[in-house]
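Peer 1: Quick one: this structure, given as C-alpha cells, is what I'll be asking you about.
The values are calculated or read from the model by the stated rules, or taken from the named source; none is laboratory data. These figures come from a predicted structure and were not determined experimentally. Because the Cβ atoms are built from the backbone with ideal geometry, glycine has one as well, and the counts that use them run over all protein chains shown.
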Amino acid sequence: MSITLKGMTWSHPRGFDPMVACSADWRALTGVAIDWDKRSLQDFESFPVEELARRYDLIVIDHPHVGQITAENCLAPLDRAERAADFAALAQGTVGASFPSYNWQGRQWAFPIDAATQVLAFRPDRLDAPPATWDAVMALAGTGAVLLPLRPPHSLMCLFTLCGNLGRPCSVTPDAPFADADIGARAIEMIRELASLCDPACLDMDPIAVLDRMGEAGSSAILAPLVYGYVSYALDGFRAHRIAFADMPVAGTHGPIGSALGGTGIAVSAFSAHRDAAIDVAYWIAGAGVQKDRYWRSGGQPGHAAGWEDDAANAATLGFYRNTRATLEGAWLRPRHDGYMPFQEAASQRINRAVTGREPARQAIADLNDLFLESFR
C-alpha cells in the first residue's frame, strides 16, 4: 500500500521550497509521498500545535512550543533506541543550541532543519562593511536608513538579545526575576532610542517585511541591526537588491553573544497513522547529507553544521553562514515552559507600549517580571 503523508510548514520560500524539493527526492527513494501545506509566519509563531497535529503527520515547529506540546501529548518523541547512532550523529551536527532546543523533559520532540538567530542585515552595495557595535548602528540610524522589526514577538526578541549581549540574559525559570532591573531598563531604552529614528511602520513589521523593504528597488533602508537571518535575501535574484548578513552588533564586552535563538524543527504527530514513516522522514531530512546539499540548494537555511560549513552554500549567499556563525554559536535559548507562548505575546505588547511611550523603562521591566512569574501558574 502506498503512503502519502501530510506536512505543514511556514509560508516563505525558505520554509516551503526545500520541503517540497526534498520530499520529491524522498518519494523517488522510498515511494512515500508528502503533501505540504503552509501557514503565515504570524500563524507559525502562535498557532496551536495540537490542532495541527490532529491534521498533519509532519509539522515544522518553533522550539518555544515544546513545553506546551509536551503537556498536550500531541507529538511523538524522536529519540528511538533503534536509531541511537543516527540520533547521536544529528546531535553532534548541531549549530549552537539548535538540537537541544527541541529537547524537553528528557525527550527529543523535533530535529532542527533550519538554524537562525538575530543577526545584522545590510545592503553591501551601500555599505562597505557592517557596523560592528551598537554605537556605530546608532550613528547610521540618524540618517533614517535603519529598520528594526518590532511586530510581536520581535520586540521581545530584541529585548532578549540586548539583555544577553549586555551580560544579563533573561531568566528561563521562575526562580529569578525575568529581567535584571538595570540591564532590562537599559535594553528598553536602547530599543526606544533606535525606534524613534526608524520608520514608525516598524511596529507592524516582522523580519520578512523588513528584509523585503531593504531588498526592494529604490529602498532607502540599508541596515537592520537585529533581525532573524534569512538566507533567501542573500541569493542573487531573490529581490532587486541582495542583502548580506553579519554577526550582531556588539553592545556589551564579550562579543556577539546572547542573541535570541530562532530556527525551526521537524516534528511528528503523535496522532499520525503512519508514525514510523514520518519519523524516517524526519531523520533523513535533518541529516548531514540532505542538509549540505539538496536542502540549501532548494532555498533552505540548514539546521545542520554540514550545511553551514559547505563552501558552495557560502559562495552562493555572500558568506551568510560563516559571517553569522559566531552569533549563532553564542545564541541564547528562550524559555520553553508550558505558559511561555501567551507570555511571549503579552510581553511583546508591553514592550511596544514602553517603546512608543515616555514611561520609565524600569516600570516596563517590573511589569514584564510580573507577567513572567504569572506564566508559570
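Peer 1: Scan region 56-73 residue by residue and report those that are modelled with pLDDT under 95 and more than 22 Å from the chain's Cα centre (by Cα).
Peer 2: ALA71, GLU72, ASN73
Peer 1: Here's something else I'd like to know. Which one of these is part of a strand (DSSP E or B), assigned by TED's automatic domain parsing to the domain that holds ALA277 and either surrounded by fewer than 16 Cβ atoms within 10 Å (Cβ to Cβ) or in contact with a Ser or Thr (Cβ under 9 Å, 6 or more places away or on another chain) (or both): ASP79, ASP37?
Peer 2: Residue meeting the stated conditions: ASP37.
Peer 1: Scanning for something part of a loop (DSSP other than H, G, I, E, B), crowded, with 19+ Cβ neighbours inside 10 Å, touching a residue at least 60 places away in the same chain (Cβ under 8 Å) and under 16 Å from the mean Cα position of the chain (by Cα), does region 313-330 turn up at least one residue?
Peer 2: The answer is yes, given that some residue of region 313-330 is part of a loop (DSSP other than H, G, I, E, B), crowded, with 19+ Cβ neighbours inside 10 Å, touching a residue at least 60 places away in the same chain (Cβ under 8 Å) and under 16 Å from the mean Cα position of the chain (by Cα).
Peer 1: Another one. If I filter region 110-134 down to residues being within 25 Å of the chain's Cα centre (by Cα) and loosely packed, with under 15 Cβ neighbours inside 10 Å, which single residue comes out as nearest to SER259 (Cα to Cα)?
Peer 2: THR133
Peer 1: Something else: Within region 12-34, restricting attention to residues that are in contact with a Leu (Cβ under 7 Å, 6 or more places away or on another chain) and not in a strand (DSSP E or B), which residue is modelled with the highest pLDDT?
Peer 2: Ranking the candidates gives VAL32 first.
Peer 1: Got a sec? Which of GLY289, GLY265, GLY300, GLY255 is surrounded by fewer than 18 Cβ atoms within 10 Å (Cβ to Cβ), small (Gly, Ala, Ser) and outside any helix (DSSP H, G or I)?
Peer 2: From the options GLY289, GLY265, GLY300, GLY255, the qualifying one is GLY255.
Peer 1: Considering only region 186-201, I want to know if a residue exists there that is at pLDDT 95 or above, surrounded by 24 or more Cβ atoms within 10 Å (Cβ to Cβ), out of contact with any Lys or Arg (no Cβ under 8 Å at 6 or more places or on another chain) and over 19 Å from LEU318 (Cα atoms). Walk me through how you get there before you give the answer.
Peer 2: So in region 186-201, the residues at pLDDT 95 or above come out as 186-201.
Adding the requirement that they be surrounded by 24 or more Cβ atoms within 10 Å (Cβ to Cβ) leaves 187-188.
Now drop any that are not out of contact with any Lys or Arg (no Cβ under 8 Å at 6 or more places or on another chain), which leaves 187-188.
The next check asks that each one be over 19 Å from LEU318 (Cα atoms); those that pass are 187-188.
Scanning region 186-201 turns up at least one residue that is at pLDDT 95 or above, surrounded by 24 or more Cβ atoms within 10 Å (Cβ to Cβ), out of contact with any Lys or Arg (no Cβ under 8 Å at 6 or more places or on another chain) and over 19 Å from LEU318 (Cα atoms).
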